[in-house]
Amino acid sequence: MATPRGSTIRRALPGDALNLANLARDTFVETFGYLYRPEDLGAFLETSQSVAAYAPLLNDARVGIWVAEDPHQALVGFLTAGPCKLPAPHRETAAGEIRQLYLRAAVQREGLGTRLLRLAIDWLAAQGHSPLYVGVWSGNLGAQRLYARYGFEKVGEYDFPVGNQLDREFILRQRKTTPPSPAAAN
């Protein structure tokens, strides 16, 4: 699927594990690295943003991962989705989750995040997941606004560990409404 600036979105393949882990580390550091002590950031990246973390997900049919590539086939963004793992209050058995949505700063505001999100919402629905959840850092107002446009609202909070630091995360749940059409989102 081509995007306005020539980037494409495709389903990630098992062979993408190394590039996906590198992108996950880079985009996490680019977005949130300033929040953490080096030892906390390093511990988190080593475990959560590694090939060992992504390789099993790429081989798990219950998990969907999409990557955005620039015209030179370099990865510039990704999204992961699957069964909900969040500690949501009264979480439904069939609940789905948008787990990660990250873009390099250079391609933000080009519509890639919205395209990835719409793909994941549609895929999760096709997999029978309902309702949908997402966890978002309490200080990430831009992400909160994006998810609100798709009917997500706060239903809880929890602590997300990055090394020894605990971040306050909001748990958002999608209302039973139809997401806006691409034209309405512009």
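Some notes on this structure:
- Distance between modelled label sites at residue 34 and residue 109, nm, 7 Å Cα→Cβ extension: 1.6 nm
- Unit charges at the beta carbon, dipole of the stretch 125-178: most positive-side option, 164, 133, 148: 148
- Computed E for residue 62/residue 93 - FRET, C-beta separation, R0 22 angstrom, nearest 0.05: 0.95
- Globularity ratio of the stretch 21-69, using Cα Rg and 2.2 N^0.38 Å: 1.25
- Distance between the 7 Å Cα→Cβ label points at residue 22 and residue 130: 4.2 nm.
- Among 34, 158, 133, the ranking by other beta carbons within 10 Å of each residue's beta carbon, starting with the fewest, stands as 34, 158, 133.
- Cα-centre dipole for the chain with unit charges at Cβ (Lys and Arg positive, Asp and Glu negative), debye to 20: 660 debye
- Each helix, a run of at least 4 DSSP H residues, gives -39500 (n - 2.57); summed and divided by the residues of the chain, these come to -10000 deg cm²/dmol at 222 nm.
- Over 19 Å [Cα-Cα, the stretch 86-174], rounded percent: 40 percent
- The ellipsoid equivalent to the alpha-carbon distribution of the stretch 8-185 has semi-axes of 23, 20, 17 angstrom, derived from the gyration tensor eigenvalues as √(5λ) and listed largest first.
No value in this document is a laboratory result; all are computed from the given coordinates. Note that this is a predicted model, so its numbers are computed, not measured. So basically every Cβ, Gly included, is an ideal-geometry build from the backbone, and we count neighbours across all protein chains shown.
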